[in-house]
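In what follows, a structure is listed as structure tokens, so that the remarks can point back to it.
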There are 2 protein chains.
Amino acid sequence: MSDEPRPLLVDRTPFPADGIDERLRAQLTFLVEIDRLKTILRQSPLVAATRRENDAEHSWHLAMMVGVLAEYADEPIDVGHTVQLVLLHDLVEIYAGDTPLYDTAAGVDQAEREAVAADELFGLLPKDQAQRLRELWDEFEERRTPEARFAKAMDRLQPLLLNWMARGGTWRTPGVTADDVRARKAVIGDASATLWKAGQRLIDEGERRGWSRSGSGGDGDSGDSAEQG
Amino acid sequence: MSDEPRPLLVDRTPFPADGIDERLRAQLTFLVEIDRLKTILRQSPLVAATRRENDAEHSWHLAMMVGVLAEYADEPIDVGHTVQLVLLHDLVEIYAGDTPLYDTAAGVDQAEREAVAADELFGLLPKDQAQRLRELWDEFEERRTPEARFAKAMDRLQPLLLNWMARGGTWRTPGVTADDVRARKAVIGDASATLWKAGQRLIDEGERRGWSRSGSGGDGDSGDSAEQG
């Protein structure tokens, strides 16, 4: 790593030297810096347009899902707290980048890269808020609370919906089978049996239609394009 | 208006006929449909890229601002509730379109168009949730609660920050003066004296640097490009 401080977005047009106190200045600096989340591209294709989704759009979508689907949580969850978790869960990707779900090589040092990124990004905030956001992010990562498990379930269910709508999407990643998809998505079941059942129904039907390679491999289902709708 | 039902995004790849019950099916239909928010472009330029912001990115950014700036609310606010308001405040634009802040002609029938859009979009949800989201949206629009006033303040402060970073942005809209900007942004002061003071500092400094036309008009400040930073 370089010792050079990373240039901040706010450095392009610094705030006036007076009239905004130090605490608010730090908060606004952070809020400008996180504009970068809008430029971090994911693998998932949008439903409504022919381009990939970015992390800010994804995070908003998860927050809406929490509000609408919270009733399916198998353990009671605090909806507002769960929304906080999904809103910030991808912020570290601003400095660490997106690690695609099916890229096992990039996953190796992912945790370390993201922890360094968290220190740097949250460190822009006043100390009390930096600590609070770091705790929320740690909670999401550790999945030890019902809220964190439900947030993670939304993070896996949302691209599943996008892939269904795209008739494959990242399910078509070379080398990935329907069983790989099932393995990566099974954490939905840690939060909600109902949502995992619905998710499995879409994965199964996608496999049947040839939108993913059959789990056992080489049985000829791959490429079957008996699509409906 | 046409009597034809509007095609839904989910119609492109309908869910399997079995295995997902009616209530969950309605909820997933809504959650797929709101993917459209990612395609509604605003006038504001991003900080981190040279393109306009979309409504989903904007809504996510407001939610983060609520979490970080809530301490400046002049009345006590419920942070989770305020976040809910900002997450859904622009959903009606999926069917009603974005009405630019400085487009007074388009603003004339905006309320009516948006109310029709709200009925249609929220109506995709099960009745209890449709009613809850409609009440939240009405609350935001009516600005009668501290949470709604703070949500509205974020909705005005965020593009102010983007315009500052862009050294003008929509402040450069033809015919718009710095006093017009002040008039449109003054609602920030209904929620937070501190944030409105900071906002005014940026508007004043932007005017001084020639990033907006001087409020009194024709006094020669317009076009002054004494930019710093």
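The values are calculated or read from the model by the stated rules, or taken from the named source; none is laboratory data. No experiment lies behind these values; they were computed from the predicted model shown. Glycine also receives a Cβ, built like all others from the backbone with ideal geometry; neighbour counts cover every protein chain displayed. Accessible surface areas use protein heavy atoms only, side chains included; no ligands, DNA or RNA. Shrake-Rupley method; radii C 1.70, N 1.55, O 1.52, S 1.80 Å.
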Item to check | Using θ = phi - 60° and Karplus 6.51 cos²θ - 1.76 cosθ + 1.60, couplings along the range A:35-42 (whole Hz; Gly, Pro as x) | outcome: 4, 4, 4, 6, 10, 8, 7, 9
Checklist entry - What are the label-to-label distances in nm, one decimal and shortest first, from A:Pro14 to the same spot in the other copies, with labels 7 Å along Cα to Cβ? => result 6.2
Next on the checklist: Looking at chain B, identify the longest residue range that excludes and avoids all trypsin sites (Lys or Arg not before Pro) in DSSP loops having at most 14 other Cβ atoms within 10 Å.
Outcome noted: B:52-143
Item to check | Per residue value of the accessible surface for the protein assembly as shown (all protein chains in place, 1.4 Å probe), Å² | outcome: 41 Å²
Checklist entry - What residue of chain A has the nearest C-beta to the axis that moves A onto B, and what is that distance in Å, given as a whole number? => result A:Gly80, 1
Item to check | Distance cut-off 26 Å, percentage of C-alpha pairs in chain B lying past it | outcome: 43 percent
Checklist outcome for this item: For B:Glu53, the residues 5 or more places away or on another chain with a placed amide H closer than 5 Å to its own amide H are B:Arg42, B:Ser44, B:Leu46
Checklist entry - Full extension from B:Arg132 to B:Asp103: what is 0.36 nm times the residue separation minus their Cα-Cα distance, to one decimal in nm? => result 7.4 nm
Item to check | For the range B:129-202: span of alpha carbons on each principal axis (Å, largest first) | outcome: 41, 25, 20
Checklist entry - Taking θ as phi - 60°, what are the ³J(HN,Hα) couplings along the range A:131-140 by the Karplus curve (6.51, -1.76, 1.60), each to the nearest whole Hz, with x for Gly and Pro? => result 5, 5, 5, 5, 5, 5, 5, 4, 4, 4
Checklist entry - Label-to-label distances across copies for B:Val108, with labels 7 Å out along Cα→Cβ, in nm, shortest first? => result 6.5
Item to check | Average partner coverage of B:30-43, which counts Cβ from other chains inside 10 Å | outcome: 5
Checklist entry - What list of ³J(HN,Hα) values in whole Hz, one per residue of the range A:98-110 in order, does the Karplus curve 6.51 cos²θ - 1.76 cosθ + 1.60 (θ = phi - 60°) give from phi, with Gly and Pro shown as x? => result 7, 9, x, 4, 9, 9, 6, 5, 5, x, 4, 9, 4
Next on the checklist: Springs between alpha-carbon pairs under 10 angstrom, Gaussian network model over chain B: which of B:Gly169, B:Gly80, B:Gly199 fluctuates most?
Outcome noted: B:Gly80
Checklist entry - Which lysines does B:Lys197 reach when only Cα atoms under 30 Å apart count, and residues fewer than 8 places away in its own chain are ignored? => result A:Lys38, A:Lys127, B:Lys152, B:Lys185
Checklist entry - Stretch B:Glu120-B:Arg23 to full length: gain in nm at 0.36 nm per residue minus the Cα-Cα span? => result 33.2 nm
Next on the checklist: If each label sits 7 angstrom from Cα along the C-beta direction, how far apart, in nm, is A:Val176 from its counterparts in the other copies?
Outcome noted: 4.0
Item to check | Residue mean of other protein chain beta carbons inside 10 Å, A:66-78 | outcome: 3
Item to check | Carbon/sulfur fraction of accessible area - chain B, other protein chains in place, 1.4 Å, % | outcome: 49 percent
Checklist outcome for this item: Rounded to the nearest 10 degrees, the helix A:79-88 long axis (Cα) sits at an angle to the longest Cα principal axis of chain A of 80 degrees
Checklist entry - Given a cut-off of under 8 Å on Cα pairs at least six residues apart, what relative contact order in percent is computed for the range B:107-184? => result 12 percent
Checklist entry - Across 10 Å bins from the origin, how do the percents of Cα pairs in the protein assembly as shown run, short distances first? => result 4, 20, 30, 25, 14, 5, 1, 0
Checklist entry - Can you give the accessible area buried between chains A and B, summed over both chains, with a 1.4 Å probe, in Å² to the nearest 100? => result 5700 Å²
